[in-house]
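Asks: I am attaching a structure below and will ask some questions about it afterwards.
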Amino acid sequence: MSFNTFGRVFRVTTWGESHGPALGATVDGCPPGVALSEAAIQPWLDRRRPGQSRYTTQRREPDAVEILSGVHEGRTTGTPIQLMIANTDQRSKDYGAIADSFRPGHADLAYFQKYGLRDPRGGGRSSARETAARVAAGGVARAVLAEMVPELQITGYMVQMGAHRTDPARHDEDEIARNPFWCPDAQAAAAWASELDAMRKAGNSVGAVIEVVARGVPAGLGAPVYGKLDADLAAAMMSINAVKGVEIGTGFGAAALTGVENADEISMGAEGPAYGSNHAGGVLGGISTGQDLVVRFAVKPTSSILTPRASITRAGASVDVVTKGRHDPCVGIRAVPVGEAMMACVLLDHLLLHRAQCGEGVRGRIG
C-alpha cells in the first residue's frame, strides 16, 4: 500500500512529483449536483501559488487547475473528479550536484532507505509542491460545504515565525490579506519582514506556527474512540510536508492548567449551550461541540538552504551539502492555505459520515 489517499467518504488521492510534467488529485465521494468549476477552485490555488513575494520561492508556476472528469455542465456528477495542475517552471539541473548526496533535514535518506531509490529533483514526492493538489481538492470540499453548511467559515493565519509570536491583543483578521505572511497582527508582520529578509540573504531559513479556525461547525461531527474529529484533523495537518507538531485548542498549554482553569463552563444561551471558554478547541470526546474548531501546527525551517551542512553520500562518504535552487525561506507562509484545505476536506468527510449514520439535524436537543 502506498498511502496516497485520505478520507473515508470524501476521499482524496494526490499524485505527481515536484519536477514531473504535472501533479493533481482524484476526488471521490463528492455528492452530485454541486456547482463546481475551475474558476471556483482557482482562487484557493492562487493563494498558495509560489513567486508572489520575495519571501517565497521564486519558482514561477501559474498553478492553473484543470477538471478532467466528474463535472458536467457545471455540476458534480457523483463520479470521481480528476484535477490536474501542470508543472511549467521546473529547473531540475539545480539538483544535479546532490543526486548522490542526502540533504540534512530532508526526506532523501529515509526515502532511499525505504525504496532503494529516490527522485532528487526537488525532492520528488516529498516536495511541498505536492500540497498544490491538496489545495485543489480543498477547493472541491469548500464548494460542497458552501451548499451543505453555508454558515461555515475556515480561516488560517500565521501566529509565529521563528521565536516571534503575534500579540492576541492586536489580532485583526482584516489584516491577514494585507501582508505576505497571512498575519493578523500588522506590527508582527512588519518585524517578520525584516527578519526574513536577513534570513534569506544569509541563505538560511526559519520555521513557523499556523492556526486554522473553523467557525459555524455543526455539533456532533466525529465519533468516539477511533473516528475522533480531532484525531483526523491532527493526522491531516501532520501529513503536510514539514509539519512537526499539531495541537487542538489550548493543546500542550493545557498541561500547565488546573482542572478548574481548563474546564469550559457551560450555560444555557438563547440558541442552545453557551461556553465560557474554548480550551477544548471545539472538540470533546472526539465530537464537535459547535464551538470554533481551533487547530495549530508547527512547520520546521525549510531544509533546502545555502549554508553548508554535513552529510553523507550513497557510498557512505562524508560531504558538505549546499542546496541550490529556488526555495522558501519560511515554508510556513504558503502552508496557511494548505492547512485551510485540509480542514475543509476533513470537515466534509465527517459531515458526510455523520449524515450517513445519524441523518440531518441535531438529535440530542437541549432546552
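The values are calculated or read from the model by the stated rules, or taken from the named source; none is laboratory data. All figures in this text were calculated on a predicted structure; none of them were measured in a lab. Neighbour counts are summed over all protein chains in view; Cβ atoms, including those assigned to glycine, are modelled from backbone coordinates with ideal geometry. Each accessible area value is taken on the protein alone, full model and side chains, heavy atoms only, with ligands, DNA and RNA left out. Shrake-Rupley method; radii C 1.70, N 1.55, O 1.52, S 1.80 Å.
Asks: I need the P(r) histogram for the stretch 168-324: all alpha carbon pairs, bin width 5 Å from 0 out to the longest distance, whole percents.
Replies: Pairs per bin, as whole percents: 2, 7, 12, 14, 16, 15, 11, 8, 7, 5, 2, 1, 0, 0.
Asks: For labels at Lys244 and Ala163 in the simple 7 Å Cα→Cβ model, what's the distance in nm?
Replies: 1.6 nm
Asks: Sticking with this one: Taking the solvent-accessible surface of protein heavy atoms with a 1.4 Å probe, what is the per residue accessible area of the stretch 167-248 in Å²?
Replies: 44 Å²
Asks: Let me ask something additional. If eta is 1.567 mPa s and T is 4 °C, what Stokes-Einstein diffusion coefficient results for the stretch 4-47, Kirkwood Rh from Cα pairs, in µm²/s?
Replies: This corresponds to a translational diffusion coefficient of 105 µm²/s.
Asks: For the chain, with all protein chains present and a 1.4 Å probe, just round the carbon and sulfur fraction of the accessible area to a whole percent.
Replies: Working: 9310 of 17100 Å².
Percent of accessible area from carbon and sulfur atoms in the chain: 54.
Asks: May I ask you to derive the FRET efficiency for Gln153 and Ala186 from their Cβ-Cβ distance with R0 = 22 Å, giving the value to the nearest 0.05? Let's see the in-between values first.
Replies: Numbers: r = 22 Å, r/R0 = 0.98.
Efficiency computed from Cβ-Cβ geometry: 0.55.
Asks: Another one. Would you list, by chain and number, the lysines whose Cα falls below 25 Å from the Cα of Lys228, excluding same-chain residues fewer than 8 positions away?
Replies: The qualifying lysines are Lys244.
Asks: Tell me which residues come under 5 Å, amide H to amide H, from Ala22 once H is placed; ignore anything under 5 positions away on its chain.
Replies: Glu17, Asn87
Asks: Separate question: Could you tell me the calculated FRET efficiency between Arg75 and Val225, based on Cβ-Cβ distance and R0 = 45 angstrom, to the nearest 0.05?
Replies: After rounding, the FRET efficiency stands at 0.75.
Asks: Once you have all Cα-Cα distances for the stretch 255-367, histogram them in 5 Å bins from zero and send the whole-percent values.
Replies: With 5 Å bins starting at 0, P(r) equals 2, 8, 11, 13, 12, 12, 10, 7, 7, 7, 5, 4, 2, 1, 0.
Asks: Using θ = phi - 60° and the Karplus curve 6.51 cos²θ - 1.76 cosθ + 1.60, what whole-Hz ³J(HN,Hα) does each residue of the stretch 231-241 get, with Gly and Pro shown as x?
Replies: Karplus-based 3J(HN,Hα) across the stretch 231-241 equals 5, 5, 5, 4, 5, 5, 5, 5, 6, 5, 3 Hz.
Asks: Here's a follow-up. For the chain, just run the numbers: alpha carbon Rg, then divide by 2.2 N^0.38 Å, N being how many residues it has.
Replies: Scaled against compact globular proteins, the figure is 1.02.
Asks: Within 10 Å, at most 11 other Cβ atoms, and a DSSP state outside H, G, I, E, B define an exposed site. Report the longest part of the chain free of exposed GluC sites (Glu not before Pro).
Replies: Counting at most 11 other Cβ atoms within 10 Å as exposed, the longest clean stretch of the chain is 152-264.
Asks: Next question, about the same structure. Over the Cα atoms of the stretch 126-215, what radius of gyration and what Dmax do you get, in Å?
Replies: 15.6, 48
Asks: What is the set of long-range amide H partners of Ser69 at a cut-off below 5 Å, with H atoms built 1.01 Å from backbone N?
Replies: Gln82
Asks: Starting from the coordinates of the alpha-carbon atoms of the stretch 61-219, obtain the Kirkwood hydrodynamic radius over all distinct pairs and give the value in Å to one decimal.
Replies: Computed over Cα pairs of the stretch 61-219, the Kirkwood hydrodynamic radius comes out at 19.4 Å.
Asks: Using the Cα atoms as the points, what is the convex hull volume per residue of the stretch 233-277 in Å³?
Replies: Each residue corresponds to 95 Å³ of Cα convex hull volume.
Asks: Could you list the residues of the stretch 117-155 with an amide nitrogen less than 16 Å from a label point located 7 Å from the Cα of Ile312 in the Cα-to-C-beta direction?
Replies: Under cut-off, by backbone N: 117.
Asks: Further question: Hey, what did the stretch 184-276 get for relative contact order, percent, Cα under 8 Å, at least 6 apart?
Replies: Taking the mean separation of contacting Cα pairs over the length of the stretch 184-276, I get 9 percent.
Asks: If r is the Cβ-Cβ distance from Gln113 to Ala146 and R0 is 45 Å, what FRET efficiency results, to the nearest 0.05?
Replies: 0.55
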